[in-house]
Amino acid sequence: MSSPMSASTFLEALMNEGLTVVRVGDWRTHYRNHKGPWGPVNGVMIHHTATRGTEATVRICREGYPELPGPLCHGVIAKDGRIHLVGYGRTNHAGFGDDDVLRAVVAEKRLPTDNEANTDGNRHFYGFECENLGDGKDPWPDVQLDAVEKAAAAICRHHGWTSRSVIGHREWQPGKVDPRGFTMDSMRARIRDRLK
């Protein structure tokens with residue numbers, strides 16, 4: 001368990017990992033903290049957006065929808081590997097998920113199958129939305145997968161976490177399928193290698 005990084009430290013950690021970062025508007029103070037606490041933080045959650053086009057994707061993730069206000073993540077990882085920071089603090093990305101999964105993330109153990117939604121994930125996870133249709137056909141460019149790896153590793157490095165602190169939305173909440181198009185085990189292996 002850790003206290004969340006400051007926005008400045010978060011930005012610095014991403015840049016130190018070699019990422020190109022785009023700051024969108026008032027990202028540092030764009031959050032949902034009035035809906036509940038953010039922290040302690042325990043891990044990083046990866047999503048796909050089911051959208052096409054970076055500009056539209058960033059706008060949606062920053063503003064959200066009438067039924068789900070933004071920000072919908074901390075950063076949007078575009079097809080070109082750039083990370084667009086759209087919010088910081090509590091964001092609407094994880095929703096409710098399985099407390100057994102959270103315990104496994106905290107302990108950095110193998111994840112159990114998610115079978116309930118009883119725990120507030122928005123409080124406990126950094127979230128990255130990745131620009132992809134999520135249909136299993138839309139490609140994941142190498143530069144984008146590299147950015148996912150680097151972003152997750154940057155956070156793990158700061159907090160002293162291993163790659164077991166990185167999960168996909170589908171591993172957290174029953175019924176979710178994201179990210180689709182690569183396995184989280186393969187991504188965790190990449191992150192593990194980067195952290196060595």
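The values are calculated or read from the model by the stated rules, or taken from the named source; none is laboratory data. Since we're looking at a predicted model, the values are computed, not measured. Positions of Cβ are generated from backbone atoms using ideal geometry, with glycine treated the same way; all protein chains shown enter the neighbour counts. Remember, those area values only see protein heavy atoms, side chains included, never the ligands or the DNA or RNA. Shrake-Rupley method; radii C 1.70, N 1.55, O 1.52, S 1.80 Å.
Across the range 144-159, rounded Karplus estimates of 3J(HN,Hα) from the backbone phi angles (6.51 cos²θ - 1.76 cosθ + 1.60, θ = phi - 60°) give 6, 5, 4, 5, 4, 4, 5, 5, 5, 5, 4, 5, 4, 4, 4, 8 Hz, Gly and Pro being marked x. For the pair Ser3 and Lys35, the difference between a 0.36 nm per residue extended length and the Cα-Cα distance amounts to 9.7 nm. Does the range 85-196 come out rounded, prolate or oblate, given a ≥ b ≥ c as the square roots of the eigenvalues of its C-alpha gyration tensor, rounded meaning a/c under 1.5 and, failing that, prolate meaning a/b above b/c? Cα axes put the range 85-196 in the rounded bin. Would you mind classifying the range 155-196 by shape? Square roots of the alpha carbon gyration tensor eigenvalues, ordered a ≥ b ≥ c; an a/c under 1.5 is rounded, otherwise it is prolate if a/b is larger than b/c and oblate if not. Since a/c reaches 1.5 but b/c is at least a/b, the shape of the range 155-196 is classed as oblate. Sorted on the mean count of surrounding Cβ atoms within 10 Å across their residues, most packed first, peptides 83-90, 28-35 read 83-90, 28-35.
Between beta-carbons, use under 10 Å as the cut-off and find the net charge around Arg194, counting Lys and Arg +1, Asp and Glu -1.
Residues near Arg194 contribute +1 overall.
Stretching Ala107 away from Val22 to a fully extended chain increases their span by 27.3 nm, per 0.36 nm per residue minus the current alpha-carbon distance.
Could you please state, rounded to a whole Å, how far the C-alpha centre of the range 26-75 is from the C-alpha centre of the range 84-127? Cα centres, the range 26-75 to the range 84-127: 14 Å.
Ranking Asn92, Thr51, Val106 by Cα position along the charge dipole of the range 51-108, where only Lys, Arg, Asp and Glu carry charges on their C-beta atoms, puts Thr51 farthest toward the positive end.
If you roll a 1.4 Å probe over the heavy atoms of the protein chains, what accessible area per residue do you get for the chain, in Å²? Counting only protein heavy atoms, the per-residue value for the chain is 44 Å².
The label point for Leu195 and the one for Asp142, both projected 7 Å from the Cα toward the Cβ, are 2.5 nm apart.
For the residue pairs Lys150/Lys196; Lys109/Lys137; Lys109/Lys176; Lys79/Lys137, alpha carbon separations beyond 19 Å are given by Lys109/Lys137; Lys109/Lys176.
When the square roots of the Cα gyration tensor eigenvalues are ordered a ≥ b ≥ c, the ratio a/c for the range 1-93 is 1.5 or more and a/b does not exceed b/c, which makes its shape oblate.
Computing the accessible area with a 1.4 Å probe over protein heavy atoms, can you report the carbon and sulfur percentage for the chain? Before the final figure, lay out each step's value.
Numbers: 4120 of 8590 Å².
Carbon and sulfur atoms account for 48 percent of the accessible area of the chain.
Residue order by solvent-accessible surface for Asp193, Asp100 is Asp193, Asp100, largest first, with ligands and nucleic acids left out and a 1.4 Å probe.
Translational diffusion of the chain, estimated by Stokes-Einstein from the Kirkwood radius over alpha carbon pairs at 20 °C in a medium of 1.002 mPa s, is 132 µm² per second. Near Thr113: Cβ cut-off under 15 Å, other residues only, Lys/Arg at +1 and Asp/Glu at -1. The net charge is -2. Each residue was assigned an accessible area with a 1.4 Å probe, and for Val106 the value is about 70 Å².
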